[in-house]
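Written out below as structure tokens is the structure these notes cover.
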Amino acid sequence: MEGIKALGINPVVLAAQCINLALLFTALYFLLFKRFLKTMEERKQKIQENVELAERAQAEAARAERLFQERMEEIEREREAIIAQAREEAERLRAETVAQAREEAREEARRILAQEREAFEAERQQALAAMRSQVVSLVLGATRKVVEESIDERMQRRLVDRFLSEMGALQ
């Protein structure tokens, strides 16, 4: 103890200061340090909650991004399907239109051909009628000259009718 006194330190005061320091640390521990530890623990929990919340938000954002990408892919597939369907429908309509136009052209050609045949047949009938009339006139004139006195009018008519019947059978 003499070494302590030589330094100018009073051992009683030193002991009292050590006791005071221990009491101060004890008081500070119970009064401040517990509150400080409690506050630090609350902050730690709050930080942990915020980290968990951020992780959940990040996971939710990733899930939302994945759902968004899936929906975009689905929309793209639907768009491609709609485009393909529209192309098929356009091709079908084009084919129907072409087929309908061809059928209308064939029908018009048939109609024109039928009209031309009817016109030709009418002209043919007129030509035949004119030819018959001329043939009858020529035959009557020729037969009149040949047998003018030997055959009467009724007999001439029968000959002409028979001739015309034979002409009609040949056609």
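The values are calculated or read from the model by the stated rules, or taken from the named source; none is laboratory data. As the structure is a computational prediction, the values presented were derived from the model and not from experiment. Don't worry about glycine lacking a Cβ; one is built from the backbone with ideal geometry, like all the others, and counts go over all protein chains shown.
What the table below lists for this structure:
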quantity	calculated
Index of the failed condition, S137 passing every other in (1) within 60 Å of the chain's Cα centre (by Cα); (2) modelled with pLDDT under 90; (3) of a type in the set (S, T, Y)	(1)
Every residue from the range 153-171 that is modelled with pLDDT under 70 and either part of a helix (DSSP H, G or I) or farther than 15 Å from R132 by Cα (or both)	A169, L170
Among residues of the range 60-98, those that are among the aliphatic types (A, V, I, L, M) and more than 19 Å from the chain's Cα centre (by Cα), counted	5
Breaking point among (1) in a helix (DSSP H, G or I); (2) exposed (fewer than 10 other Cβ atoms within 10 Å of the Cβ), for I75	(2)
